[in-house]
Structures are given as C-alpha cells and as structure tokens.
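Student: Please find one structure pasted underneath; my questions will follow.
The values are calculated or read from the model by the stated rules, or taken from the named source; none is laboratory data. Small disclaimer: the values here were computed from a predicted structure and weren't measured. Positions of Cβ are generated from backbone atoms using ideal geometry, with glycine treated the same way; all protein chains shown enter the neighbour counts. Accessible surface areas use protein heavy atoms only, side chains included; no ligands, DNA or RNA. Shrake-Rupley method; radii C 1.70, N 1.55, O 1.52, S 1.80 Å.
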Amino acid sequence: RIDNDKFAALSASFFSNGIFLHVPKNIEVEEPIRVNFKMQDKTSVLHNIIIVDSNSKLQLIEEYSNKELSEEQLNSCVTEVFADNDSSINFYHLNNWTKNVYNFINIIGTARRNAAINWISGCFGGKLNRIRIDTNFNGQGSNCNNIGVFLGKGKEHIDFTTNVYNNTENTTNDILVDGILKDESSSVYRGLIKIEKQAQKTNSYLENHILKLGEKTLANSIPSLKIDANDVKASHGATVGQIDEEHIFYLMARGLPRAEAEKLIIEGFFEPVIQKIPS
C-alpha cells in the first residue's frame, strides 16, 4: 500500500534497486541466504519482495551499511515478505550506519494458514534510524516471533515500531525488543497489537526493555492494545531504567574495573534476547 506512510509512497515513486526472491513449493533452503546492501551515494531507495511458497522454509539475512560521505545520506527501503500455507521464514535485518545517515525501513509480512514468520532485527548507528515491522496474520494457525535489539550512542535517535494485525482465529505472536542508550542518544519504541472481532483464540504478547547509560539519554516506550474479540490472551510490558549502582559496586568489589563491570551488566541485559535468536 503506497498510502501506508510517506516513505512507502517515496519508495513506490523512486525505487531503483532491490531484490526479488521466490522459494517454490516444498523446498527447504538449508543454507541461509545473505544479502548485503552497501550505500555508495547520497541516496538509496530500495524495494524488496520475498515469497515463500507453501510447505517451504527459508532463512534470509539482509544487511545494510554505507560508504561514509561528508554530506548527509538517505536510505529508504520497503521489504514485503509473503509466507504461504505451512511455510516458514526466519528473516534477519541488520543495519550499521555511520553518523550522517537518515534511515527509513518498512518491513511488511503476511502469514497465511499455519505459516511462521520470525523477525530478528538489529539497529545500530545513523543520525536517525527508523525501522517499522508490520505483521499481518491472514491464516488460521499462523504465528510470529519478533526479536529486536538496538544501541544508540552520541546524539543518535532510534525509532523502532512493531505493528501486529490479527485478522483471523488461532494466531500466536510474541514480541521482545530491547535497547541500550549511551551518551545523549534517544529512542522511541511503539508496539501495537490489534485483534479484530473475528480473531478469536489469539495469543499475543509484547515486551520492551530499555537500559539507559547516562543522565542525558531519553527513552520512550509506547505499547498499545486494540482488542475487538472477547476470547483472547493479549498483554504487554515495558521497562526503562539505568544500571543499578549496587550491581556495579558488587562487581567492582570483586576486582573488576568499572568499565568491565558495566560491560558485563550490558551483556547480561542482552542475553535473554540473544538466547532467542535461532541462528
């Protein structure tokens, strides 16, 4: 839908590159397919289409980076993922930008009967780094796990959005997005679970945690539920906090320098997310 937002319209008007990947029926792609987009110029507008036919499996890794220029750079991309009946896709999105990049990513997934779409995404760098993942459950028994991590530093701003649209019965969804902010960086996380009237027996959960390193960081977490059905399980949780000084003191009392103590706590913060990543 080109009227989804202004960046979807931009992509429809100006995209000049992208990939098309089609996995036919009853095919299991054993090795992950990796695609690396490296922006060389001031502007990159992409449109990708991924189709996994019925009873097929795919692991796809898409990575974004750039050749640093003195001018500001813009990357805008729309990726559409279609998972047919009884299919499965693990979709990895990783971006790692330099400080002058404005990045806008729209990822839209559609899952049909008993299909599984698993999103694994990581956002790092960029002046403004925006990723939006929409998941449409259009078939009974479809399910999705959505795992996201981000790290902000300097004066970077990260805008992370996950929208889930449950349009039919017996769908399952689990979202976990964790982020760390350093220096004067900021973030906004928006999470929506929308359950239509006919989408009974839905089970959906959304969780977001942000760890702030420094007094000048700013974090906003905006989870929301819109439920029109009465036989569902749907909930959300969000936390924003700083490193506990008692934990730092405990580790330093056992011989670790402060920087190492902080690093250990940060690794522990990300560990539950990392454990959920399939590959």
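Student: Let me spell it out: the conditions are (1) in a strand (DSSP E or B); (2) polar (S, T, N, Q); (3) open to solvent by less than 50 Å² (accessible area, probe 1.4 Å), and Asn145 meets all of them except one. Which number is the exception?
Tutor: (3)
Student: OK, next. Mind listing just one residue for me: the one in region 68-103 that is farther than 24 Å from Ser279 by Cβ and small (Gly, Ala, Ser) and, of those, most open to solvent (accessible area, probe 1.4 Å)?
Tutor: Among those that are farther than 24 Å from Ser279 by Cβ and small (Gly, Ala, Ser), it is Ser70.
Student: Could you tell me which of the residues Gly109, Gly122 is in a strand (DSSP E or B), among the small types (Gly, Ala, Ser) and in contact with a Gly (Cβ under 8 Å, 6 or more places away or on another chain)?
Tutor: On the way: Gly109 fails: in contact with a Gly (Cβ under 8 Å, 6 or more places away or on another chain).
The conditions single out Gly122.
Student: Pick out the one residue from Glu30, Glu62, Glu71 that is among the acidic types (Asp, Glu) and touching a His at 6+ places or on another chain (Cβ under 7 Å).
Tutor: On the way: Glu30 fails: touching a His at 6+ places or on another chain (Cβ under 7 Å); Glu71 fails: touching a His at 6+ places or on another chain (Cβ under 7 Å).
Exactly one residue qualifies, and that residue is Glu62.
Student: Within region 15-35, can you find the residues that are under 25 Å from Asn75 (Cβ atoms), in a loop (DSSP other than H, G, I, E, B) and among the β-branched types (Val, Ile, Thr)? Don't jump to the end; show me each part of the working.
Tutor: Pass one, region 15-35, residues under 25 Å from Asn75 (Cβ atoms): 15-22, 32-35.
Filter again for in a loop (DSSP other than H, G, I, E, B), leaving 15-16, 18-19, 32.
Once the filter is applied, which keeps residues that are under 25 Å from Asn75 (Cβ atoms), in a loop (DSSP other than H, G, I, E, B) and among the β-branched types (Val, Ile, Thr), region 15-35 yields only Ile19.
Student: Does region 149-165 hold any residues that are open to solvent by less than 30 Å² (accessible area, probe 1.4 Å) and without any contact (Cβ under 8 Å) to a residue 40 or more places away in the chain, and which are they?
Tutor: Phe150, Ile158, Asp159, Phe160, Thr161, Asn163
Student: Using the structure shown, decide if Ile49 is assigned to a strand (DSSP E or B) and over 21 Å from Asn17 (Cβ atoms).
Tutor: When the stated conditions are applied, Ile49 does not pass them.
Student: Which residues, counting only those in region 243-279, are farther than 26 Å from Leu192 by Cβ, touching a strand residue (DSSP E or B) at 6+ places or on another chain (Cβ under 7 Å) and open to solvent by 90 Å² or more (accessible area, probe 1.4 Å)?
Tutor: Hit for region 243-279 is Ser279, nothing else.
Student: I've got another one for you. Does Asn55 meet the test of being in a strand (DSSP E or B) and of a type in the set (S, T, N, Q)?
Tutor: It is false that Asn55 is in a strand (DSSP E or B) and of a type in the set (S, T, N, Q).
Student: Ok, one more. So Ile120 fits all but one of (1) surrounded by fewer than 20 Cβ atoms within 10 Å (Cβ to Cβ); (2) within 15 Å of Thr135 (Cβ to Cβ); (3) in contact with a helix residue (DSSP H, G or I) (Cβ under 9 Å, 6 or more places away or on another chain); what number is the exception?
Tutor: The one condition Ile120 does not meet is (1).
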